[in-house]
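The values are calculated or read from the model by the stated rules, or taken from the named source; none is laboratory data. For clarity, every value in this text was computed on a predicted model and none was experimentally measured. Reconstructed Cβ throughout: ideal geometry from the backbone, glycine too, with neighbour counts over all protein chains shown. Side chains included, ligands, DNA and RNA excluded: accessible areas come from the protein's heavy atoms. Shrake-Rupley method; radii C 1.70, N 1.55, O 1.52, S 1.80 Å.
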Amino acid sequence: MFRMRGKTQLIMLVMSVMTVIFILYRMTAGDGQMHAAEKNNKFPWSPQKELTFGNRIQMEDINELSDLTQSPRHMLKQKAVESQMLSDIRRINAPQFKNQFNSGRSVLGGSGHEGNIENAANGDEFVERSGVHSLGPHRIVHLDLKGAPPLVSYFEELFPLLQSLGTTGLLIEYEDMFPFWGPLAGLSARNAYTGPNVTRILSLARSNRLEVIPLIQTFGHLEFVLKLRTHKHLREVPRYPQAICPTHEESFPLLKSMIDQVMELHPDARNIHLGADEVYQLGECDRCRAAMQADNITPRRLFLNHVSRVAEYTKDKHKVNVLIWDDGLRSNSIEELTASGLGSKGIQPVIWKYTPDVAASLPADVWERLGSSGFTTAWVATAFKGATGPDRYVTDISHHLENHRSWAAVVASAKAASSGLALGGPKPFPHIAGTILTGWQRYDHFAVLCELLPVGLPSLAVALTFLKTGENNVAMLRRQASDALRCEVPLAMTPSEILELGSLSSGPRCVFPGAGVLHVAERLHALKADVERVAAMPEAKGWATQYNVKHKFSSPFHIEQFSREVDGLRGHIAVLEREAKQALSEVYDSATVEEWVTSVMGPLFERVRQMWDGKEALLSVDEWPLRPLDGPVEKDL
């Protein structure tokens, strides 16, 4: 114990009172800001269901904020914020992030939004630390037209939205939707765009300040060419119409003609993407084997020679930058890449990974190998849809957002390491020109459709918001994207949340081009869950099995209860099919509408039909045979 002077006691008392007042002020201010945000928002946000997806914290069934400082909702919100802050601190202090901070100190992540710029020396420093600026200034959205090509009229509505979300360009993969002519006319699909269609698309892009990069495959993924009788002889492996033979004397002239026609309709293009990903058959035909033996080269060098030849032709004739997918380069050594001359010729690899944990599957030395072998510019490729399953029809936004956030962390860490902050000193690092946000529509030419473009737009909006603003708090990203798409409730970040929002009976929740297609897909997802629920009913599992139907042997009492559920499903199906055709026809041609309804909705409809036929058969009888129902009866005489 010791005595404190009167003045000191007074100071301590004043400081204690001020601390209490400050705490009360911050708590009530937080509530006031939330009320103001809800009041000023364009659409009503439900205070009963607020999710912070980064930590999977769910806050629901919470009473409205009251005048009390420590209301139940406030305390739960405080815990959620604290959890988010701790998560951000752990992430920033992780080993892969430590090298990017010059001072060696951690920056308190807080909510992760732009208000946290005050935690860094300046705004640019904070965004660079978050990894967002590391992904380059360009944000290129990929339009995969080899499946479900939209009507040109849809682009009139879509392009302004993309531009407003922060898109700077489009990577258009035409495949067989390009209007080839002359000797190549047979390559185009029967519903391909016309020349005037392409001109109109380019005009719309230009009006919205979107640079167009055409993509044409020149090695793998040439199924649309090699499937045809006229070109099957150019396959690397006769059985598989996937990869072209690089040593066949007709291959290079064909590819040159395809490139020339694409460039003729894109006279203002400054860049072209020549594909070259997933070349699964390489160096297997007799021609290639003979060429490799004669030149004493490996299949890897055969790949590099072909890509170099096609790229050099394209650059020399059309004076454009050439992009290629990078996976064909990953297995090559620095010496092999340097000898190929791809880097010195200015070829720009696009490094793609679509997983939530990019670092786990991307070669750790990819940057050093590219930088050390002459590549001065590279791109990063993420995915906003079409990368979680070949038959998915709803998009898992959380998965794709984590892909983008993971890429930001990987590139930021790699840049820091290359700058000499890590052991070993500075290392060559290519300039990152930008990010290509891929949106695959088919996994390849023969695959079924995956998520349609309007279904993936919410995911794209979230990803673009992250890339454009540097916002790192998931709840804030969701809210900003929801506002941009004029959604009356927050976007469903995962397929399971679609079910929580009750999509089976409610109307569209957003207002953006193609929102009706999203609503149909979400309703189908909810209907599928309802079918599973009915199929799991005791009445279905115990009295409406295939065995029961085969013998028309069941209890009408139980089947009637099952029947009411099946009748409800059948009614939902009839309505959904009608609404699907209407919504899809506003975005797609009749061929795409028919394909989606048949391939995506069809299997579920067939399952319900079988349920309905089965219960009708079971209810058609009112007397039943003796048991046993199968096989001859053996009596013990």
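List the strands (runs of 3 or more DSSP E) that sit entirely inside the stretch 312-403 and contain at least 2 residues that are touching a Lys or Arg at 6+ places or on another chain (Cβ under 9 Å) and either over 25 Å from residue 169 (Cβ atoms) or not aromatic (Phe, Trp, Tyr) (or both). Of the strands (runs of 3 or more DSSP E) lying wholly inside the stretch 312-403, those with at least 2 residues that are touching a Lys or Arg at 6+ places or on another chain (Cβ under 9 Å) and either over 25 Å from residue 169 (Cβ atoms) or not aromatic (Phe, Trp, Tyr) (or both) span 321-325, 377-385. If I ask for residues that are under 12 Å from residue 212 (Cα atoms) and among the aliphatic types (A, V, I, L, M), which ones from the stretch 157-182 would you list? The answer is 170, 171, 172. In this entry, residue 489 passes the filter for residues that are at pLDDT below 95, touching a helix residue (DSSP H, G or I) at 6+ places or on another chain (Cβ under 8 Å) and among the aliphatic types (A, V, I, L, M). Taking the numbered list (1) over 21 Å from residue 188 (Cβ atoms); (2) buried (at least 19 other Cβ atoms within 10 Å of the Cβ); (3) aromatic (Phe, Trp, Tyr) in turn, residue 224 passes all entries but (1). A single entry from 462, 511 fulfils the requirement of being hydrophobic (A, V, I, L, M, F, W, C), outside any helix (DSSP H, G or I) and either out of contact with any helix residue (DSSP H, G or I) (no Cβ under 9 Å at 6 or more places or on another chain) or buried (at least 19 other Cβ atoms within 10 Å of the Cβ) (or both): 511.
Among the residues of the stretch 596-637, the one identified as part of a helix (DSSP H, G or I), farther than 29 Å from residue 561 by Cα and open to solvent by 60 Å² or more (accessible area, probe 1.4 Å) is 598. Residues that are under 25 Å from residue 183 (Cα atoms) and either open to solvent by 50 Å² or more (accessible area, probe 1.4 Å) or over 27 Å from the mean Cα position of the chain (by Cα) (or both) within the stretch 267-286 comprise 267, 268, listed in sequence order.
Residue 531 - would you say it is open to solvent by less than 40 Å² (accessible area, probe 1.4 Å) and assigned to a helix (DSSP H, G or I)? Criteria met by residue 531. Among the residues of the stretch 345-388, those identified as farther than 29 Å from residue 419 by Cα and open to solvent by 10 Å² or more (accessible area, probe 1.4 Å) are 387, 388.
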